[in-house]
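To start, the structure under review is shown below, and the notes come after it.
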Amino acid sequence: MKRLGHALIFGAVAGLAGAGGATENRDLPGDGPAAYSEDGRYFTEDGIPTYFIAEDGTVDWLTFSGFRRYHAECHVCHGPDGMGSTYAPPLKDAVERMDYYDFVYTVSNGIQNVDTTHQNVMPTFGQNKNVMCYIDDIYVYLKARGDGALARGRPAKKEAKADAIREFEDECMAGG
Amino acid sequence: MKKLFALTSTVALCAGSAALANDELMELMNDPGQWVIQTGNYANHRYSGLDQINRENVGDLQVAWTFSTGVLRGHEGSPLVIGDTMYVHTPFPNIVYALDLNDSGRIKWKYEPQQDASVIPVMCCDTVNRGVAYANNTIFLHQADTTVVALNAETGEVKWTAVNGDPAIGETNTATVLPVKDKVIVGISGGEFGVRGHVTAYDMETGEQVWRGYSMGPDSDTLMDPENTTHLGKPVGPDSGTNTWEGDQWKIGGGTTWGWYSYDPELNLVYYGTGNPSTWNPSQRPGDNRWSMTIFARDADTGMAKWVYQMTPHDEWDYDGVNEMILSDQEIDGQMRKLLTHFDRNGLAYTLDRESGELLVAEKYDPVVNWTTGVDMDPNSETYGRPAVVAEYSTAQNGEDVNTTGVCPAALGTKDQQPSAYSPRTEMFYVPTNHVCMDYEPFRVSYTAGQPYVGATLSMYPAPDSHGGMGNFIAWDNINGEIKWSIPEQFSVWSGALATAGDVVFYGTLEGFLKAVDAETGEELYRFKTPSGIIGNVMSYEHDGKQYVGILSGVGGWAGIGLAAGLTNPNDGLGAVGGYAALSDYTALGGQLTVFKLPD
């Protein structure tokens, strides 16, 4: 039931591209988690968005975009490069603990953990297009950081932005 | 004990008399044995007239006593001492303790407000609070949720509360308040949430709002007179707070007012600076964005702006103009002038005539500052008072979705709110600074009330080709616009400095050291490692004939966010060394007051 809730939120806000998997087997080189790609996005065998980093270090567009969006929307609490701060925990580790659906649920709904020893409060970003239109971007970026596949700092080389990603972005940012 | 008596009877005699209440406060400020205002005095000198601890004996300093605040967050500001009572505040939930200095710091009373925890995440960059204020036997606290509370200084009982803003649209508070005459002057935070900044005066006795001046908007909102309010000596003209914005953008224009305030009783003017315009993407808000990034001089009684000076028109780097305005009377070219000195986030230190707003000096106080070649100082020039922007470092000229690299300083500024000290003995300013540069890439964002409205990606790193550290502690000559000496620090210096009549200057470091240096030479004379990183401000007081120095530890604030994990260095592998270590290797969260004295 909980899972269904997550999927619904996600589907409504970001539009789950390629769920179910278009390709049976991995058709990508390397040993990263990406099994197949579709319209410039990469997915695991289970159809979960993920990163793709080529041998020469070129990152997929979403990972690059996630780096940018993370450092605009998240880093003022969670620190540079997903590393955490004195204020909020490291998200590069959080995405290793929680799965994609839990991640989207948490960003959408926030966290309230306030008692005598905790004052952890994360706002709800469900209505924030600057975050929710880029939720996959932020997730795959953090996943690449958490897996140790991506070093700190700005990725030096990136794939071009696919037309499908541009169209999705325009539609999502313009949408009500 | 005597002092407290004197104080209580003065209050009794003067009850209801505003002017006298102000006189009482100023009298207390002039007593070096007390620390009655966060900034040391109205002029923001952060100078203690006590000289028992001096440069000969400061090396013998030892810990007298300590106090745990019970809160593990960034501790900015400092305690106050009035009579025999010390008032200590905490970050959210904004507890206030009154400690009895005659009884080993026994807690006389404790006030803990009930605040909605949903305010925590709308506070950009930690839940800091820069301390309480005192006047008229009352302690004034401005809570995170923007509630202003007046507490009976003897009992902690609430006298009145006033609500200054709405956290649901991102309005919060981190600053202290300024008691002036019969008013309490109050600012607001939330520049990263698209709020419109304002300064508000509340009646000290009742909490009723007396006036409010916005940073932008029509003249009736900004409290500007088109003829009599001046910018660099010229009338600002009608609607100056809207006519450099596109459409209604001024309504979410930023220009918040969360810094330190100063006051000149003779001129009856309050001085403060305004923050960045919203968003951080300059292409999304064409124009000068007046009056963000501006030094304001307002009449304390009416709020009317006498003069303004916009330091960074059309900000492209998040260089908030909120840092303290330090007031001094000094000689320039053989003439005594009433001066205002301000160390801006943008890396320039300004000296102005505080009566007229005339610009006298504008010089870089860190040599690595590179976004500007300097300020046009020719009054006859079209661009008088404007900084010349270097195209290579202009995030507006480079445009959206372009990563502008190597900009110095970073958005943290060459200095953030951490306040400087001024010693009238040496006529030098002691300035805690950041030595950090950045890459800055603006992009388009949409505005949602109560949600972050940032619109830029930042990467920060220690200033390249320098000492590798991320901070300096400098002594500054505000007349000649020169650094007198500079102490390199591994991390940004995020603690407020204190200068004393003993010719010692104190400051804290992010690793947790309290340091004492020689006011003339900068030579280090003493250091002690407190339990957590220091972002609080050093203060001093006297009790039973003995001088004490107090400092809050508790790492956090923007420093704790940016530096906890360390900063990346774009020159990695090119021989850069050392400086970009992680703060988390040196210190952990804390919340403690440490008080020092000389051995008996």
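The values are calculated or read from the model by the stated rules, or taken from the named source; none is laboratory data. Bear in mind that the values here come from a model prediction, so they are computed numbers and not experimental data. Please note: Cβ atoms are built from the backbone with ideal geometry, for glycine as well, and neighbour counts cover all protein chains shown.
Overview of values
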{"item": "Residue in region B:404-419 that is over 28 Å from B:Glu171 (Cβ atoms), hydrophobic (A, V, I, L, M, F, W, C) and touching a Pro at 6+ places or on another chain (Cβ under 9 Å) present", "result": "yes"}
{"item": "Residue in region A:130-145 that is part of a strand (DSSP E or B) and facing chain B (nearest Cβ under 10 Å) present", "result": "no"}
{"item": "Qualifying residues in region B:442-456 (those that are crowded, with 23+ Cβ neighbours inside 10 Å and of a type outside the set (Phe, Trp, Tyr)) - the one farthest from B:Gln397 (Cα to Cα)", "result": "B:Gln451"}
{"item": "When residues of region A:61-99 are limited to those that are away from chain B (no Cβ under 11 Å) and under 20 Å from A:Glu169 (Cα atoms), the one surrounded by the fewest Cβ atoms within 10 Å (Cβ to Cβ)", "result": "A:Trp61"}
{"item": "Failed condition for B:Ser189, given (1) surrounded by fewer than 19 Cβ atoms within 10 Å (Cβ to Cβ); (2) of a type outside the set (A, V, I, L, M); (3) modelled with pLDDT under 95", "result": "(1)"}
{"item": "Residue list for region B:152-208, filter: among the basic types (Lys, Arg), within 15 Å of B:Asn136 (Cα to Cα) and free of Cβ contacts under 8 Å to residues at least 60 places away in the same chain", "result": "B:Lys159"}
{"item": "All positions within region A:18-47 that are among the β-branched types (Val, Ile, Thr), more than 19 Å from A:Ala149 (Cα to Cα) and modelled with pLDDT of 85 or more", "result": "none"}
{"item": "Residue within region B:383-405 that is modelled with pLDDT of 95 or more and in contact with a Lys or Arg (Cβ under 8 Å, 6 or more places away or on another chain) present", "result": "no"}
{"item": "Criterion violated by B:Arg285 - all others in (1) more than 30 Å from B:Ile37 (Cβ to Cβ); (2) modelled with pLDDT of 95 or more satisfied", "result": "(2)"}
{"item": "Pick from region B:37-77, criterion within 28 Å of B:Phe140 (Cα to Cα) and aliphatic (A, V, I, L, M), ranking: farthest from the chain's Cα centre (by Cα)", "result": "B:Ala64"}
{"item": "Long-range neighbours under 7 Å by Cβ, at least six apart or interchain, first residue over 19 Å from A:Tyr100 (Cα atoms) within region A:27-44, second assigned to a strand (DSSP E or B)", "result": "A:Asp27/A:Tyr36; A:Leu28/A:Tyr36; A:Leu28/A:Ser37"}
{"item": "B:Trp211 vs. criteria buried (at least 18 other Cβ atoms within 10 Å of the Cβ), among the aromatic types (Phe, Trp, Tyr) and modelled with pLDDT of 95 or more", "result": "yes"}
{"item": "Test: residue in region B:108-128 that is closer than 24 Å to B:Lys597 by Cβ and touching a Phe, Trp or Tyr at 6+ places or on another chain (Cβ under 7 Å)", "result": "no"}
{"item": "Filter pass, A:Ala160 being more than 10 Å from every other protein chain (Cβ to nearest Cβ), in contact (Cβ under 8 Å) with a residue 60 or more places away in the chain, surrounded by fewer than 16 Cβ atoms within 10 Å (Cβ to Cβ) and more than 13 Å from the chain's Cα centre (by Cα)", "result": "yes"}
{"item": "Test: residue in region B:394-403 that is outside any strand (DSSP E or B), without any contact (Cβ under 8 Å) to a residue 60 or more places away in the chain and surrounded by 16 or more Cβ atoms within 10 Å (Cβ to Cβ)", "result": "yes"}
{"item": "Odd one out for B:Asp378, checked against (1) over 20 Å from B:Asn480 (Cβ atoms); (2) not in a strand (DSSP E or B)", "result": "(1)"}
{"item": "Verdict on A:Gly57 being more than 9 Å from chain B (Cβ to nearest Cβ), modelled with pLDDT of 90 or more and in a helix (DSSP H, G or I)", "result": "no"}
{"item": "Test: residue in region B:468-479 that is touching a Lys or Arg at 6+ places or on another chain (Cβ under 9 Å) and either surrounded by fewer than 19 Cβ atoms within 10 Å (Cβ to Cβ) or in a loop (DSSP other than H, G, I, E, B) (or both)", "result": "yes"}
{"item": "Residue satisfying all of: in region B:455-500; more than 14 Å from every other protein chain (Cβ to nearest Cβ) and of a type in the set (Ser, Thr, Tyr); farthest from B:Met539 (Cα to Cα) among these", "result": "B:Ser466"}
{"item": "Options A:Gly148, A:Gly126; residue that is away from chain B (no Cβ under 14 Å) and either crowded, with 17+ Cβ neighbours inside 10 Å or assigned to a loop (DSSP other than H, G, I, E, B) (or both)", "result": "A:Gly148"}
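Residue by residue, here is whether (1) of a type outside the set (Val, Ile, Thr); (2) more than 23 Å from the chain's Cα centre (by Cα); (3) closer than 30 Å to B:Trp494 by Cβ; (4) assigned to a strand (DSSP E or B) holds:
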| site | (1), (2), (3), (4) |
| --- | --- |
| B:Pro121 | yes, no, yes, no |
| B:Gly131 | yes, no, yes, no |
| B:Trp160 | yes, yes, no, yes |
| B:Thr200 | no, no, yes, yes |
| B:Arg212 | yes, no, no, yes |
